[in-house]
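For reference, the structure is listed below as structure tokens.
The values are calculated or read from the model by the stated rules, or taken from the named source; none is laboratory data. Everything numeric in this text was worked out from a predicted model, so none of it was measured. Neighbour counts are summed over all protein chains in view; Cβ atoms, including those assigned to glycine, are modelled from backbone coordinates with ideal geometry. We work out accessible area using only protein heavy atoms, side chains counted, and drop any ligands, DNA or RNA first. Shrake-Rupley method; radii C 1.70, N 1.55, O 1.52, S 1.80 Å.
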Amino acid sequence: MKFSLEWLKYFLETEADTAEIAAKLNAIGIEVEDIEDPAQRLAGFCVAEVLTAEKHPDADKLQVLSVNTGEGAPLQVVCGAPNARAGMKGVLGLPGAVVPANGMELRKSAIRGVESNGMMCSVRELELGEEHDGIIELPADAPTGQSFADYHDASPVLDVAITPDRPDCMGVQGIARDLAAAGLGTFKPVEPKETAGAFPCPVEIRTDDAKGCPAFYGRVIRGVDNKAASPDWMQRRLIAAGQRPISAIVDITNYLMLAFGRPAHAYDLAKLSGAVVARRAKAGEQVEALNEKTYTLDETMTVIADDKGVHDIAGIMGGEHSGVTADTTDVLLEIAYFNPASIGVTGRKLGLASDARTRFERGVDPAFLDDGLSIMTSLIQRVCGGEASEVVRAGSPPGETMTLQFEPDLVRRLGGVDVAEDEQLRILSALDFSIGHKQIGDGATRWQVTVPL
């Protein structure tokens with residue numbers, strides 16, 4: 001699992017640097033497999049101002065630019081981007097720089113007989129997104145000559161291995177909570193704000209498979225604009241995590257999964273027919289998944305379907321034909337709790353792996369349904385606008401808590417480490433364990449400890 005240091009510090013207030021954070025992660029059992037510094041990949045790229053743009057003497061689609069880098073005389077650069085023009089600011093790759101997208105080393109060269117001293121770069125070439133219609137356009141106040149890595153605030157990216165028994169750390173927020181409990185800062189949890197429904201949900205939502213899908217929550221947001229890209233800060237965090245930005249709404253669902261360990265899904269409401277139901281598949285039913293492969297299902301598998309047929313392999317992958325596009329105006333948001341064992345069996349039968357499956361089969365937080373839906377609603381309305389319906393809650397997630405007796409001295413006897421009782425209390429509380437009454441008997445102290453869901 002990958003995440004940027006900047007993203008981690010959204011949830012964790014700390015002065016620790018990358019090395020200190022990596023050391024602490026290793027110490028608490030979250031193994032750091034790699035640390036990547038994007039600033040190194042962006043070495044040799046700087047903020048540059050285009051002073052003049054003249055037609056290339058021997059090529060209709062090329063221009064010869066005079067570019068100010070803030071040092072010495074302006075450089076001559078040949079550029080084929082349609083948006084290149086005098087007065088704009090962009091990103092210049094100087095000779096010696098290596099283009100992240102293709103590994104090409106830039107050199108001083110002649111293009112159609114005209115000398116070019118580097119390359120003005122697009123978003124895709126710097127692996128900052130998919131846009132490739134023109135070169136990057138920076139704000140007018142971008143400081144000419146500044147390293148683009150510094151301007152872009154490129155943040156180190158940590159790649160960590162999460163063991164199967166730590167599903168709570170399958171999101172950046174969970175890792176931040178663990179680091180705070182280990183004494184490396186202060187945890188900053190997100191406090192979701194509920195959006196009141198402006199109208200009844202126009203779609204019937206229910207679960208007919210209480211074992212495979214005990215809880216299925218949803219709501220509609222109508223009047224969204226999905227043509228706009230997701231915010232730059234969100235795209236940076238997704239790219240750091242290895243995700244390709246797709247569209248605002250899809251990016252928001254991916255952001256929820258990576259930030260909070262909580263997969264969710266958005267459907268184009270116009271592509272649905274009738275009630276949306278979590279149910280068992282019928283033997284032989286087929287669905288084309290988002291990976292453009294068709295899967296044949298059996299009656300042991302939980303799916304999300306409407307009157308026309310299956311749309312989702314529940315908890316693993318959505319269907320191709322009901323996904324949102326740039327033309328989507330009304331969406332149905334779905335967030336559910338799926339049985340971990342059932343997800344694992346279905347995934348193995350189909351030979352289908354996904355980020356959602358990885359999280360659901362390990363076990364997601366069953367108490368995060370409402371919070372997750374609130375966060376997703378808020379982000380979509382902030383980026384895409386729209387009006388939200390009332391929430392429909394079909395079924396209920398597992399809610400039984402476990403309370404056990406805990407002897408603080410076990411840490412010393414079994415772990416071989418002396419940890420003061422006050423420190424043990426602090427750590428347990430920081431990890432959301434509830435400490436009830438204490439008993440002293442037979443020479444041992446015992447606490448009633450309630451394990452968080």
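General observations
- Any hit, segment 249-259, residues being assigned to a loop (DSSP other than H, G, I, E, B) and of a type outside the set (Phe, Trp, Tyr): no
- The sole residue among Thr253, Thr300 that is more than 20 Å from Val172 (Cβ to Cβ), open to solvent by 10 Å² or more (accessible area, probe 1.4 Å) and among the β-branched types (Val, Ile, Thr) is Thr300.
- Residues in segment 19-45 that are open to solvent by less than 30 Å² (accessible area, probe 1.4 Å) and among the β-branched types (Val, Ile, Thr): Ile21, Ile30, Val32.
- Matching residues in segment 249-275 - criterion: being in contact with a Cys (Cβ under 8 Å, 6 or more places away or on another chain) and either farther than 17 Å from Leu290 by Cα or free of Cβ contacts under 8 Å to residues at least 40 places away in the same chain (or both): Gly261
- The condition of being among the hydrophobic types (A, V, I, L, M, F, W, C), under 27 Å from Ser230 (Cα atoms) and surrounded by fewer than 16 Cβ atoms within 10 Å (Cβ to Cβ) holds for only one of Ala140, Ala86, Ala81, that being Ala140.
- Residue match in segment 290-313 (condition: small (Gly, Ala, Ser) and outside any strand (DSSP E or B)): yes
- Among (1) over 30 Å from the mean Cα position of the chain (by Cα); (2) of a type in the set (D, E, K, R); (3) closer than 28 Å to Leu258 by Cβ - the single one Glu421 does not satisfy: (3)
- Unique match (being in contact (Cβ under 8 Å) with a residue 12 or more places away in the chain, within 20 Å of Leu8 (Cβ to Cβ) and open to solvent by 40 Å² or more (accessible area, probe 1.4 Å)) among Asp168, Asp225: Asp168
- Residue match in segment 95-113 (condition: more than 30 Å from Asp432 (Cα to Cα), within 24 Å of the chain's Cα centre (by Cα) and modelled with pLDDT under 95): yes
- Taken as a whole, segment 178-193 holds at least one residue that is surrounded by fewer than 16 Cβ atoms within 10 Å (Cβ to Cβ), in a loop (DSSP other than H, G, I, E, B) and on the phi > 0 side of the Ramachandran plot.
- For segment 324-336, the candidate set comprises residues that are closer than 17 Å to Leu373 by Cβ and acidic (Asp, Glu); within that set, the residue that is least open to solvent (accessible area, probe 1.4 Å) is Glu334.
- Top-ranked residue of segment 348-360 - restricted to ones that are part of a helix (DSSP H, G or I) and either in contact with a Leu (Cβ under 9 Å, 6 or more places away or on another chain) or farther than 20 Å from Gly242 by Cβ (or both), ranked as least open to solvent (accessible area, probe 1.4 Å): Leu350
- Qualifying residue in segment 102-115 (condition: open to solvent by less than 20 Å² (accessible area, probe 1.4 Å) and in contact with a Gly (Cβ under 7 Å, 6 or more places away or on another chain)): yes
- Any chance Asn339 is under 21 Å from the mean Cα position of the chain (by Cα) and surrounded by fewer than 24 Cβ atoms within 10 Å (Cβ to Cβ): no
- Gly309 modelled with pLDDT under 95 and either open to solvent by less than 10 Å² (accessible area, probe 1.4 Å) or closer than 18 Å to Asp209 by Cα (or both): yes
- Qualifying residue in segment 207-217 (condition: assigned to a loop (DSSP other than H, G, I, E, B) and under 15 Å from Ile380 (Cβ atoms)): no
- Of all positions in segment 46-57, none carries a residue that is part of a loop (DSSP other than H, G, I, E, B), open to solvent by less than 60 Å² (accessible area, probe 1.4 Å) and within 30 Å of Arg244 (Cβ to Cβ).
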